[in-house]
Amino acid sequence: MKKLLIVLLIALALFVVGVYVFIPSSINISSVTTVKTTDNGTERFLMDESKWPIWWNSSDSIAANKTATSQTLIMNGDEYALKEKFYKAVSIQIKHQGYELTSKMVIVRLTLDSTGIEWKANFAAGNNPLNRFSAYLEARKIKKNMDEVLSNAKRFLSKDENLYGISIERNFLKDTLYVTAKTELPAYPSTQSIYELIKKIQGFITKNGASQTGSPIFNVTDFGSGRFQLMAGVPTDKNFSEKEGFSLKHMVRGSFMISEVVGGDYAVNKASKSLQQYFSDFHRTSMAMSFTMLVTNRILQPDSSKWITKLYQPVY
């Protein structure tokens, strides 16, 4: 009995010493991840609490249709609320089983298309060895939940479709020989005026014994003061002399960032802005003309929800 008591006392002493040696009175909790995207794109989602529900429980699918319902979100019973915003950082309050912690999430640019996210919290463990050990166990649970939150963020932010709301791929131009024509208008060209110019080009191609090989494209330039230049092009299979206001353009197959859009003008304009945001975030330079490809003939298909349009933005 006496030996057992001695063993228990030694074990207790080792436990107390171990607690004081290996568990500090203030436990630092840290969770880190890296995301394959820009720091600006990451910042837009992590520093805006209205966007938190979009990525909080995200999977690999697009979740951009979700809207914010609360400024406080839950992960496995822990509650999180954004409190303060700083440069590339946010302060987040964590509530865990009666404990309240103030944490800080920091966004760090690693490379142009790689971003680090570091999330730190401090948990007061106290001086009592039993309380300190209990705090250590709770700190592990808190970290596990923080890790899961960042894992969801990484899955969501690593997909361009989630960040920008559109699919974006890098590819080349299939057709390179285009017959083009221009016209100047007093207002932004309507669908009717675009197709009127395309029809003239198609007639010119047919007149010269050639064929159309792909979808028509167009570009609009705003000169200001109510002056808009519409340029349209139709791909062809025959090289012939330029005349009657029509030009032959040998397009470079090149490298383009391409986005396919389903829907009418509102969807196309929204996608165009998102594509520009993508270029801005990734500091990409477009040295040549961008254009819109009309995959669906909008005259023959009156239902704009079924229109398919491709946006081409040259990139180097």
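Against the definition (among the small types (Gly, Ala, Ser) and either over 11 Å from the mean Cα position of the chain (by Cα) or modelled with pLDDT of 95 or more (or both)), how does residue 151 come out, yes or no?
Here the answer is yes, as residue 151 does meet what is asked.
Among the residues of region 195-218, what is the count of those that are under 13 Å from residue 232 (Cβ atoms) and assigned to a loop (DSSP other than H, G, I, E, B)?
2
Testing residue 54 on (1) assigned to a loop (DSSP other than H, G, I, E, B); (2) closer than 21 Å to residue 160 by Cβ; (3) of a type in the set (Val, Ile, Thr); (4) modelled with pLDDT under 90, one condition comes back false. Which one is that?
For residue 54, the failing item is (1).
May I ask you to list the residues in region 278-304 that are more than 25 Å from residue 229 (Cβ to Cβ) and either touching a residue at least 60 places away in the same chain (Cβ under 8 Å) or in contact with a His (Cβ under 9 Å, 6 or more places away or on another chain) (or both)?
278, 281, 282, 283
So which of 270, 249, 238 is at pLDDT below 90 and either outside any strand (DSSP E or B) or among the basic types (Lys, Arg) (or both)?
Among 270, 249, 238, only 238 is at pLDDT below 90 and either outside any strand (DSSP E or B) or among the basic types (Lys, Arg) (or both).
Identify all residues within region 194-213 that are closer than 21 Å to residue 264 by Cα and surrounded by fewer than 17 Cβ atoms within 10 Å (Cβ to Cβ); write none if there are none.
Those that are closer than 21 Å to residue 264 by Cα and surrounded by fewer than 17 Cβ atoms within 10 Å (Cβ to Cβ): 196, 199.
Looking at region 86-110, which of its residues are within 21 Å of the chain's Cα centre (by Cα), loosely packed, with under 13 Cβ neighbours inside 10 Å and at pLDDT below 95?
Listed by number, the list holds a single entry, 87.
Take residue 228 and tell me if it is under 19 Å from residue 308 (Cα atoms) and surrounded by 15 or more Cβ atoms within 10 Å (Cβ to Cβ).
Working: under 19 Å from residue 308 (Cα atoms): no; surrounded by 15 or more Cβ atoms within 10 Å (Cβ to Cβ): yes.
In short, no.
Among the residues of region 214-225, how many are among the β-branched types (Val, Ile, Thr) and either surrounded by 16 or more Cβ atoms within 10 Å (Cβ to Cβ) or farther than 22 Å from residue 190 by Cα (or both)?
Residues flagged as among the β-branched types (Val, Ile, Thr) and either surrounded by 16 or more Cβ atoms within 10 Å (Cβ to Cβ) or farther than 22 Å from residue 190 by Cα (or both) within region 214-225 amount to 1.
The values are calculated or read from the model by the stated rules, or taken from the named source; none is laboratory data. Small disclaimer: the values here were computed from a predicted structure and weren't measured. Counting neighbours? That spans all protein chains shown, and the Cβs are built from the backbone with ideal geometry, glycine included.
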